[in-house]
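The values are calculated or read from the model by the stated rules, or taken from the named source; none is laboratory data. Values in this document were obtained by computation on a predicted structure and should not be read as measured data. No Cβ is skipped: glycine too gets one built from the backbone with ideal geometry, and neighbour counts run over all protein chains shown. Ligands, DNA and RNA are stripped out before the accessible areas are found, and what is left, the full protein with its side chains, is counted by its heavy atoms. Shrake-Rupley method; radii C 1.70, N 1.55, O 1.52, S 1.80 Å.
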Amino acid sequence: MRLLFLPENHVLPLARLLAARYRFWGPAAKGGAFVFEEIADVSRLRLDYSTTLLPPKQAFLPPREILARIDIETHECRSPARPGKPIALFGVHPCDLHGLAHLDLAMGEPPADAPYWRARKDAFIVGLACVQRCMPESFCDSVESHRAGGPFDWMFTPVAGGYVVELRGEAGEREASESGLFEVAGESWKKNYDETRDRIEKTFSGRRLNLASLSSDLERSFQDGWWEKLADRCFSCGACTAVCPTCVCFDVQDEIAEGCRMAERCRSWDSCLIRNFAEVAGGENFRKLRSERLRHRMMRQGAYLAGRFGLPVFCVGCGRCPHACLGKISPLEAFEHSRKFPIRRYAQRLVEHIKNGVTRHE
Amino acid sequence: MSDAAGSAVDYLPELSTLAAVRPLTAAESLFHLDMPHRALGHHPGQFVQVSLPGIGEAPISIASSPTRPAGFDLCIRRAGNVTEAIHRLKPGAKIGIRGPFGRGVPIDDCMGRNVVIIAGGLGLAPLRSLIQYITDHRSRFKAVTILIGARTPETLLFPDEYGAWRSRDIKVEVTVDVSKETWLGHVGVITNLISRIDVDPDTTVSIVCGPPIMYRFVLRKLARRNLQNDHIYLSLERRMKCGMGKCGHCQINGLYVCLEGPVFRYDRIAHLPEAL
Ligand SMILES: Cc1cc2nc3c(=O)[nH]c(=O)nc-3n(C[C@H](O)[C@H](O)[C@H](O)COP(=O)(O)OP(=O)(O)OC[C@H]3O[C@@H](n4cnc5c(N)ncnc54)[C@H](O)[C@@H]3O)c2cc1C
Ligand code: SF4
Ligand code: SF4
Ligand code: FES
């Protein structure tokens with residue numbers, strides 16, 4: 001692991017250098033909140049941001065994008081080229097770095113998704129460590145995504161007077177040396193760095209889930225009536241999936257464009273919470289109940305996708321979905337409940353046995 | 001990462017030409033398509049994404065066997081936007097194709113065994129691919145039985161082909177839910193036919209495709225005939241958008257029907273609460 005030091009006043013010059021070579025995305029203030037967006041004027045960059053409304057996922061999987069253009073006369077079709085330079089994401093918090101890693105897995109499983117990888121390929125990613133909790137709803141420490149991880153080229157950790165930067169890979173080394181803005185990390189910086197990292201571990205030492213059993217706990221709780229109770233607070237609005245850094249589900253629609261000469265195949269974010277998400281011709285709906293849809297999302301985040309990719313959990317605990325949800329529904333609530341489920345069931349059975357005059361342990 | 005980027009797949013339809021249309025029932029027709037640049041290269045039970053520019057895409061099973069050269073068949077029911085529009089096309093029209101997608105029927109597991117094919121309604125469309133394959137390689141299979149159920153005699157699919165199938169030493173039994181006096185065949189649900197056939201549990205495999213409601217009854221009946229779950233294959237339908245395990249629409253619990261299905265060995269999904 002190679003560490004360098006970047007003085008505070010070198011941050012903007014560095015951002016300007018990157019903005020010349022990449023389409024530059026970063027956190028900026030907008031309408032009383034923070035957003036992660038493409039920014040032309042890098043002085044808008046706000047590395048002191050808490051969290052953004054939407055995760056940086058939209059850089060590679062935009063809310064709406066054209067997958068193909070088809071000539072209606074000749075049927076000739078092509079996918080749109082990537083618009084120019086690759087993307088640089090600057091200042092990505094650890095939860096969102098992990099989120100990007102999970103997106104890469106979902107969109108990279110064969111057959112890999114070409115439109116995603118056109119945007120993702122050659123992207124330069126700069127992580128930024130969190131030294132304090134961004135909002136009460138976040139639970140990154142519960143799912144252990146509060147530490148640096150995922151696909152970063154540089155990882156910034158704030159220390160007195162600037163940032164200690166961990167470099168990774170060929171692109172990370174190259175961009176650092178070509179910029180000429182980094183300094184060799186001296187002993188005092190390293191000490192400061194270790195202290196900051198200790199502080200991070202202390203700050204994020206809140207709840208911990210039993211990640212080793214999470215997916216089996218969840219699958220065991222599948223038939224629990226508790227999901228219906230939880231769904232009483234859900235409005236099937238789909239806000240939770242829209243703000244999620246690891247949700248990828250989408251819809252595809254073909255549309256007429258350019259005065260009826262061309263057709264466009266568009267994809268847009270979809271949500272497994274929306275009523276007709278699993279409906280087929282003939283009217284059959286495979287997740288008709290709101291509780292079935294809510295449970296499905298929690299299962300995806302805690303069991304299905306995690307199992308598919310050999311991870312303990314797919315949710316990164318960013319807290320955006322409970323923050324955005326009218327009913328304040330949090331995956332943490334579901335994950336923690338699933339752990340209690342077998343115990344509750346056992347207690348229930350015990351009560352039944354006692355009622356029947358039998359006190360037998362099973 | 002670079003691997004994924006290198007072998008990534010786009011959502012571009014390939015051009016095919018509608019060569020012929022054969023009306024089958026009031027709602028279903030058989031469309032024969034030619035791909036100019038390649039053979040489709042499918043396995044029985046797989047599906048393609050069929051599209052018309054500006055109208056949309058729909059997943060449709062391939063209704064003909066890869067053993068038949070020159071093009072492929074799709075049996076399409078009018079059900080909405082895309083399927084209605086396809087029904088309005090004349091021969092010579094262009095149709096977009098992506099695929100083939102999914103896992104079809106594992107032919108190797110059927111070879112050298114008795115095969116019982118159970119088709120309800122439109123379920124005969126994907127199974128016709130397997131049936132044609134069997135008729136083209138008849139000696140590789142032991143006793144073959146096809147059980148077909150439809151609502152009425154008028155909605156039976158491919159009745160003009162049963163004779164040819166029978167002539168290849170295949171037993172074809174047909175039943176309808178309701179009929180007029182002119183119908184001389186069986187009346188009643190398809191499960192009744194299962195009671196009437198010989199099933200040797202050790203050497204028989206069964207492949208089932210039909211409307212969602214059919215599976216539970218058929219499976220119960222097959223269990224009563226002592227057929228083990230790992231000798232039963234089910235072809236399942238779900239909503240589909242991408243066909244590539246990405247859009248999430250087709251999921252049954254943690255499985256993607258477009259990748260791991262649509263044909264599943266029953267013992268591999270029997271424990272999934274969302275499967276049937
Ligand atoms: C693996 C598979 C194989 C199939 N094989 C055949 C076949 O061989 N022949 C055949 O006629 N039909 C088949 N279908 C069903 C066929 O895909 C639907 O009838 C078709 O998508 C309807 O599209 P539409 O645009 O005409 O209807 P729309 O106007 O889009 O919608 C009409 C209805 O279809 C449902 N629907 C929309 N999109 C889909 C979708 N992508 N998948 C399923 N339902 C959808 C909607 O909920 C709505 O209720 C198959 C489906 C699957 C998943
Ligand atoms: S944001 Fe909340 S209310 Fe909306 S669909 Fe998600 S869980 Fe339901
Ligand atoms: S499920 Fe909610 S908390 Fe978890 S990563 Fe998605 S938005 Fe964040
Ligand atoms: S059809 Fe999109 S995941 Fe299966």
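Observations
- Region B:113-128 - phi-based ³J(HN,Hα) in whole Hz, Karplus 6.51/-1.76/1.60, Gly and Pro as x: 10, 6, 10, 10, 9, 10, 10, x, x, 5, x, 6, 4, x, 6, 4
- Rounded to the nearest 20 debye, the dipole magnitude of region B:81-142 is 140 debye, with +1 charges on Lys and Arg beta carbons, -1 on Asp and Glu beta carbons, and the Cα centre as origin.
- Protein heavy-atom surface of the protein assembly as shown, 1.4 angstrom probe: 52% of the accessible area is carbon and sulfur, with nucleic acids and ligands not counted.
- Evaluated at q = 0.06, 0.09 Å⁻¹, the base-10 log of the normalised Debye intensity for the protein assembly as shown, with identical point scatterers placed on the Cα atoms, takes the values -0.41, -0.84.
- Approximating the spin labels as points 7 Å out from Cα along Cα→Cβ, the A:A171-to-A:K288 distance works out to 4.8 nm.
- Proximal lysines relative to A:K190, as straight alpha-carbon distance under 18 Å, when same-chain residues fewer than 8 apart are discounted: none
- Each listed q (0.13, 0.14, 0.20 Å⁻¹) maps to a log10 I(q)/I(0) for region B:107-275 from the Debye sum over equal C-alpha point scatterers, namely -0.64, -0.75, -1.39.
- Over 22 Å apart at the Cα level, from the set A:K30/A:K202; B:K90/B:K241; B:K171/B:K221; A:K121/B:K246, are A:K30/A:K202; B:K90/B:K241.
- Signed unit charges on C-beta, dipole axis of region B:107-275, positive-most listed residue B:G163, B:N226, B:I197: B:N226
- Percent of Cα pairs exceeding the 14 Å cut-off, where the set is region B:224-276: 50
- Counting every pair of alpha carbons in region A:199-309, the share spaced more than 24 Å apart comes to 43 percent.
- Along principal axes, Cα extents of region A:1-134, largest first, whole Å: 57, 35, 30
- Nearest-0.05 FRET efficiency for A:T74 and B:V178, computed from C-beta distance (R0 35 Å): 0.15
- Annotation for A:R339 and A:D48: the two label points, set 7 Å from Cα along the Cα-Cβ direction, are 3.6 nm apart.
- Here the average projected area of the convex hull drawn through the C-alpha atoms of chain A stands at 23.8 nm².
- By a 1.4 Å probe calculation restricted to protein chains, A:R339 has an accessible surface near 110 Å², given to the nearest 10.
- Those residues of region A:148-177 whose amide nitrogen sits under 14 Å from the label point placed on A:N9, 7 Å along Cα→Cβ: A:161-162
- Based on protein heavy atoms only, chain A ends up with 44 Å² per residue of surface accessible to a 1.4 Å probe.
- Chain-alone versus full-assembly comparison, region B:9-29, residues with accessible loss of at least 10 Å² (1.4 Å probe): B:V9, B:D10, B:Y11, B:L12, B:P13, B:L15
- Highest-first packing order for the peptide set B:121-131, A:106-116, B:79-89, B:158-168 is B:121-131, A:106-116, B:79-89, B:158-168, based on the mean count of other beta carbon atoms within 10 Å.
- Once A binds B, the 1.4 Å probe can no longer reach about 3900 Å² of accessible area, counting both sides.
- Label point of A:R207 set 7 angstrom out along Cα-Cβ; within region A:113-156, amide nitrogens under 11 Å from it belong to A:137-143.
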